Amino acid sequence: MRVVQRPKPKLMQSLYFIDIFKGLMLTLRHVIRNILNPDQMMVVYFPEQKKELPPPTRGRHRLMKREDGSPRCTACMLCATVCPAECIHILAGESTDTAIEKYPERFDIDMLRCVYCGFCVEACPLDAIRMDVPEVTVANYSREKLVYHKEFLLNHHNEDYVKNYNPPRPVIETHGPLARP
Amino acid sequence: MNSALFQFLNITIIAFVVWLIPLQFIPFLIWLERKGSAFIQDRVGPDRTDVLGFRLFGYIQNFADVVKLLMKEDVIPLQANRFYFLLAPFWSMMFSLIPLMSIPLAGSIHWINTTIHFQVVNLNVGLLFFFSITSMGILGIVLAGWASNNKFSLIGGLRSSAQMISYELSMAMSLITLLVVYQHADFQTIVHEQTGLYHFFGYTMCLPNWGFFLQPIAFLIFLVASFAETNRNPFDLPEGESELVAGYHVEYSSIKFALFFMSEYANMVVVSFLNVSLFWGGYEVPYVSTAQLIQSPRIVLLVLSGIIFIMGLLVFVVLFRHGWKQRTLYNGVKKWEPFLLGTGMAFIGLIFLILIPFWLHWNFPAWFPLALTALVQFGCLIIKVVFFCWLFVWVRWTLPRFRYDQLMNLGWKIMLPIAMLNFLVTSIFVILK
Ligand code: SF4
Ligand code: SF4
């Protein structure tokens with residue numbers, strides 16, 4: 001076992017004042033630079049300027065559709081069961097299509113309770129729910145409006161974004177033994 | 001004029017002004033703290049709240065805060081000792097407003113056969129008065145900690161009172177050294193002694209005769225102790241935002257919490273006033289004595305106009321550049337605000353530039369030099385105080401926090417012996433001289 005001694009501070013360091021002075025000068029440099037030219041700070045003035053969020057952002061939920069426009073979800077309740085915040089409420093209805101059997105009559109997500117864990121996405125066997133709408137400002141003036149209903153989840157997102165969305169495959173450059181020809 | 005009535009009026013008005021000074025400093029300091037910390041960390045700080053689109057660089061945020069604090073629910077815990085619980089914030093605030101009453105704001109003016117003082121009371125024990133009143137403020141913190149009937153507030157209160165009491169010792173020790181040097185305890189004399197140039201063993205240096213140059217060690221100890229006294233960052237253990245919930249004021253809400261908050265800032269102002277009056281020449285303008293100011297008001301006016309012109313121009317350039325770069329960001333008043341303010345500042349600067357020839361030929365009335373001198377000295381005092389308030393903010397956002405044992409070690413084992421040694425050496429020198 002090796003005992004590592006704490007380095008003993010030198011006399012000048014233990015007097016503090018010189019090091020404190022250096023630190024003060026560093027922060028003063030920042031202050032003066034930022035007062036004289038406030039626009040070189042790396043700041044996004046948020047509601048006016050918006051950063052484009054990268055595609056893999058975990059945003060708010062959306063429900064996927066089949067080709068004919070009906071929801072892909074079959075109301076299997078897996079997401080509602082796995083949700084740790086118990087914020088998915090599904091009311092199942094009988095589908096006319098016997099191959100599908102069930103469809104969600106209502107599909108409500110209480111965004112006030114959601115913890116954005118993404119378990120619902122993982123649980124869904126049909127890839128019917130995704131969390132890829134790049135919206136992080138889920139805010140409203142009333143609580144009722146923050147319970148998102150089926151119609152909202154199905155339709156209310158930028159279709160362009162969703163259509164063009166192809167999950168980018170990570171390009172891994174490998175060298176050495178793992179490198180493929 | 002009835003001189004008793006005149007003196008009464010004089011004292012009342014000055015007392016009112018002195019009472020207003022910390023109260024006016026508090027929003028300014030909160031703004032300074034927010035903007036200063038933001039700029040130190042390369043952020044912009046508050047810049048959203050506006051009145052009719054005018055944001056005044058985030059200053060309006062203070063008013064929003066006051067409204068918020070006033071409208072919040074004021075909770076008094078059921079088990080708290082109601083009387084002391086209510087008393088504590090007012091106690092803290094009161095004892096951070098009183099001590100300024102003994103600080104001179106400008107030199108006294110002699111006009112015909114009356115004397116106008118710019119000091120509420122010229123106690124011959126001014127320094128001791130100041131010190132005793134500021135140490136009463138600790139009681140507010142202890143009371144708050146105890147009366148909330150909450151273990152955590154009690155521990156917080158004990159921590160902070162232990163810290164403040166231990167640093168009060170070294171602070172007092174460093175100030176006793178000053179008493180030995182000046183041999184007076186009233187602020188008027190102490191400030192007056194700091195005029196002129198610094199004499200060092202018979203040599204005249206090109207430094208002002210400030211307490212700092214007489215007693216640099218005492219100043220450093222006083223400065224460190226004053227950080228600990230006001231519970232500011234390197235020693236802000238009572239609050240320790242990143243470690244504790246809060247300190248003694250966990251149970252306080254609404255305007256009572258705001259009173260504690262404000263008394264902390266008022267304490268900063270008070271300590272800065274003390275610091276400036278003792279070590280940095282108080283209201284004295286460096287290198288220029290009161291008599292010289294009174295004799296040559298024209299030069300004073302010229303220098304003031306020049307400074308205002310240059311400042312106006314600088315603000316104009318900075319604001320225009322800022323406004324131009326941000327022109328696509330906002331609409332309406334928010335877009336034009338930097339241009340408006342910049343133009344206003346440039347306009348004021350230009351007016352003072354144009355006035356310069358006018359000053360040279362103006363036959364001013366006899367009272368004018370006196371009033372101008374008082375104004376200049378008051379402005380000088382305020383500038384020095386603002387600098388030391390900025391130092392508080394600056395240090396807070398530069399240094400990390402001390403651990404509790406380091407704090408106590410520093411206070412008892414390093415600063416107190418150094419202060420005592422300093423006292424001893426100074427006394428020997430003073431006796432030998
Ligand atoms: S993200 Fe998590 S908390 Fe939110 S709805 Fe899905 S499972 Fe529930
Ligand atoms: S897990 Fe998928 S299919 Fe099942 S109810 Fe949830 S969203 Fe519908």
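The values are calculated or read from the model by the stated rules, or taken from the named source; none is laboratory data. These figures come from a predicted structure and were not determined experimentally. Methodologically, a virtual Cβ is constructed for each residue, glycine included, from the backbone with ideal geometry; neighbour enumeration extends over all protein chains shown.
Of everything in segment B:70-93, what is charged (D, E, K, R) and under 14 Å from B:Phe257 (Cα atoms)? Give them in sequence order. Of everything in segment B:70-93, those that are charged (D, E, K, R) and under 14 Å from B:Phe257 (Cα atoms) turn out to be B:Lys72, B:Glu73, B:Asp74.
Within the set A:Glu135, A:Glu122, A:Glu101, the sole residue that is within 12 Å of ligand 2 (Cβ to nearest atom), away from every other protein chain (no Cβ under 14 Å), within 17 Å of the chain's Cα centre (by Cα) and surrounded by fewer than 17 Cβ atoms within 10 Å (Cβ to Cβ) turns out to be A:Glu122. So which residues in segment B:59-69 are surrounded by 16 or more Cβ atoms within 10 Å (Cβ to Cβ) and under 23 Å from B:Phe260 (Cβ atoms), if there are any at all? Correct list: B:Tyr59, B:Gln61, B:Asn62, B:Asp65, B:Leu69.
Among the residues of segment A:45-57, is there at least one that is within 15 Å of ligand 1 (Cβ to nearest atom) and either over 29 Å from B:Tyr330 (Cα atoms) or exposed (fewer than 13 other Cβ atoms within 10 Å of the Cβ) (or both)?
No, segment A:45-57 contains no residue that is within 15 Å of ligand 1 (Cβ to nearest atom) and either over 29 Å from B:Tyr330 (Cα atoms) or exposed (fewer than 13 other Cβ atoms within 10 Å of the Cβ) (or both).
Listed by position, the helices (runs of 4 or more DSSP H) inside segment B:187-262 whose residues that are under 26 Å from B:Met136 (Cα atoms) number at least 3 are B:187-193, B:216-229. Report yes if some residue within segment B:73-85 is under 30 Å from B:Phe118 (Cα atoms) and at pLDDT 90 or above; otherwise report no. No, because not a single residue in segment B:73-85 is under 30 Å from B:Phe118 (Cα atoms) and at pLDDT 90 or above.
Scanning segment B:378-405 for residues that are under 9 Å from the mean Cα position of the chain (by Cα) and buried (at least 19 other Cβ atoms within 10 Å of the Cβ) yields B:Lys384, B:Val385, B:Phe388, B:Cys389.
Within segment A:33-49, not a single residue is more than 9 Å from chain B (Cβ to nearest Cβ), out of contact with any helix residue (DSSP H, G or I) (no Cβ under 8 Å at 6 or more places or on another chain) and closer than 30 Å to A:Glu122 by Cβ.
Table: residues versus (1) part of a loop (DSSP other than H, G, I, E, B); (2) under 21 Å from B:Phe212 (Cα atoms); (3) more than 14 Å from chain A (Cβ to nearest Cβ).
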{"site": "B:Val376", "(1), (2), (3)": "no, no, yes"}
{"site": "B:Ile383", "(1), (2), (3)": "no, yes, yes"}
{"site": "B:Trp390", "(1), (2), (3)": "no, yes, no"}
{"site": "B:Gln406", "(1), (2), (3)": "no, no, no"}
{"site": "B:Leu410", "(1), (2), (3)": "no, no, no"}
{"site": "B:Ala419", "(1), (2), (3)": "no, yes, yes"}
{"site": "B:Val425", "(1), (2), (3)": "no, yes, yes"}
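The number of residues in segment B:1-49 being surrounded by fewer than 18 Cβ atoms within 10 Å (Cβ to Cβ), outside any helix (DSSP H, G or I) and away from every other protein chain (no Cβ under 11 Å) comes to 3. Restricting attention to segment A:42-93, which residues are within 16 Å of ligand 2 (Cβ to nearest atom) and β-branched (Val, Ile, Thr)? Those that are within 16 Å of ligand 2 (Cβ to nearest atom) and β-branched (Val, Ile, Thr): A:Thr74, A:Thr81, A:Val82, A:Ile88, A:Ile90. Of all the residues in segment B:50-63, those that are within 14 Å of another protein chain (Cβ to nearest Cβ) and either without any contact (Cβ under 8 Å) to a residue 12 or more places away in the chain or not in a loop (DSSP other than H, G, I, E, B) (or both) number 2.
Search segment A:58-84 for residues being in a strand (DSSP E or B) and near ligand 1 (Cβ under 10 Å from one of its atoms), and hand back the single one that is surrounded by the fewest Cβ atoms within 10 Å (Cβ to Cβ). Here the answer is A:Arg60.
Total residues in segment B:276-292 satisfying the condition of being outside any loop (DSSP other than H, G, I, E, B) and either surrounded by 22 or more Cβ atoms within 10 Å (Cβ to Cβ) or free of Cβ contacts under 8 Å to residues at least 24 places away in the same chain (or both): the figure is 6.
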